[in-house]
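To start, the structure under review is shown below, and the notes come after it.
The values are calculated or read from the model by the stated rules, or taken from the named source; none is laboratory data. All values reported here derive from a predicted model rather than from experimental measurement. As a convention, Cβ positions derive from the backbone with ideal geometry for all residues, glycine included, and neighbour counts pool all protein chains shown.
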Amino acid sequence: MTLQVKNLSKQINGHTIITDISFKWAPGEIIGLVGRNGVGKTTLFRTMMNHYIPDKGQVLLDDQDMEQVSSRQREVFFLDTQDNFLTNYSLKELPDFFKIVYPNFDQQRYDDLLKHFNLNAGDQYRRISKGMRALVNVILALTSNATYLILDEPFDGLDVIVRENIATMVIDEVADQQKGFLISSHDLNELDGLSDRVLLLKENKLVHDYNLEDIRATAKKIQLVLRDKEIPAVLKDHSKLIRVSGRVLVVVVTDYTPEIDQELRALDPVLFEELPLTLEDLFRANLAHDTGYQLLK
């Protein structure tokens, strides 16, 4: 089973929000969707789910257009966190609505997860904190038993421990290759160690689709102090500067070869150390310079 977003475009009030977005998504994949606030992440999700009628393009599930075969939409879960109907209902009432759309909704697991996170089933959705609402949204996604789960800024407002618990649950869900996640965020750290691929939206378009495993297989992050103040050609030609602190340089070499390693060691640097490579490092090296994307802090 494969979900394909094909040339999806949407304008709202004469303004182009997304243009010609195309990518494929299979069960077993965790895809991160990254972009500045307002770049069109939520609009993409709404258009994929036919909350907005696309101006152009299709969303295909096993080559069937989801707009034409509405029953296929129950295989994709998306809860609009900005505009939804949950406000006046208690947590124990929410499954009644989702069972209508998702016939395999797991009521027992929903109840168990509420207890696990010390959520009171009698509380109104609107009266719990923003972070707890985000947690309930994730619980609804997991217990829907849909194949494709779209999470829009799912970690927003959550403390570190709850974030880690949710990340663990997401990884467990994809372990048997039966479910896939598409997770949006403007914070790269939230997606680090979780995503298999990262899609970058910029100026309403999908400008990069990166397989992180492939990048990490060839890239290295190096911290070094050179004996000479002049930057050698091997660094100018093959690396991207990440940070400078006095004479300490931190660089990322995206295609680290034995030849480059030999050239660097031949410089006899005062300090030469390999550091852990993060998703933020990869984006600084691969995206910040050629897309104008600025990392948000």
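Which one is modelled with the highest pLDDT, of the residues in region 245-257 that are part of a loop (DSSP other than H, G, I, E, B) and in contact with a strand residue (DSSP E or B) (Cβ under 8 Å, 6 or more places away or on another chain)?
Within region 245-257, the subset part of a loop (DSSP other than H, G, I, E, B) is 246-247, 254-257.
From what is left, the residues that are in contact with a strand residue (DSSP E or B) (Cβ under 8 Å, 6 or more places away or on another chain) are 247, 254, 256.
Details: R247: 90, T254: 87, Y256: 95.
For region 245-257, the residue satisfying everything is Y256.
Would you confirm, using the coordinates I've provided, whether N84 is of a type outside the set (D, E, K, R) and either farther than 18 Å from G157 by Cα or over 21 Å from the mean Cα position of the chain (by Cα) (or both)? Criteria met by N84. The requirement of being among the basic types (K, R), at pLDDT below 95 and either out of contact with any Lys or Arg (no Cβ under 8 Å at 6 or more places or on another chain) or loosely packed, with under 13 Cβ neighbours inside 10 Å (or both) is satisfied by R74.
Which fully enclosed strands (runs of 3 or more DSSP E) of region 1-115 have 2 or more residues being more than 30 Å from S129 (Cβ to Cβ) and touching a helix residue (DSSP H, G or I) at 6+ places or on another chain (Cβ under 8 Å)?
On the way: elements: 3-12, 15-25, 30-34, 56-61, 76-78.
The strands (runs of 3 or more DSSP E) meeting that bar are 3-12, 15-25, 56-61.
I need a count of the residues in region 249-276 that are within 25 Å of R197 (Cβ to Cβ) and buried (at least 20 other Cβ atoms within 10 Å of the Cβ). So the answer is 3.
Do we find a residue being touching a strand residue (DSSP E or B) at 6+ places or on another chain (Cβ under 6 Å), over 14 Å from L140 (Cβ atoms), surrounded by 14 or more Cβ atoms within 10 Å (Cβ to Cβ) and hydroxyl-bearing (S, T, Y) anywhere in region 82-98? Scanning region 82-98, I find no residue that is touching a strand residue (DSSP E or B) at 6+ places or on another chain (Cβ under 6 Å), over 14 Å from L140 (Cβ atoms), surrounded by 14 or more Cβ atoms within 10 Å (Cβ to Cβ) and hydroxyl-bearing (S, T, Y), so the answer is no. Of all residues in region 178-208, those that are out of contact with any helix residue (DSSP H, G or I) (no Cβ under 8 Å at 6 or more places or on another chain) and basic (K, R) total 1. K6 satisfies every condition listed in (1) of a type outside the set (D, E); (2) out of contact with any Lys or Arg (no Cβ under 6 Å at 6 or more places or on another chain); (3) within 16 Å of I150 (Cβ to Cβ) except (3). A single member of I260, I231, I215, I242 is β-branched (V, I, T) and assigned to a strand (DSSP E or B), and it is I242.
Just one of the numbered conditions (1) touching a helix residue (DSSP H, G or I) at 6+ places or on another chain (Cβ under 7 Å); (2) surrounded by fewer than 22 Cβ atoms within 10 Å (Cβ to Cβ); (3) not acidic (D, E) is not true of A175: (1). Restricted to region 44-66, and to residues there that are of a type in the set (A, V, I, L, M) and within 16 Å of L206 (Cβ to Cβ), the residue that is surrounded by the fewest Cβ atoms within 10 Å (Cβ to Cβ) is V59.
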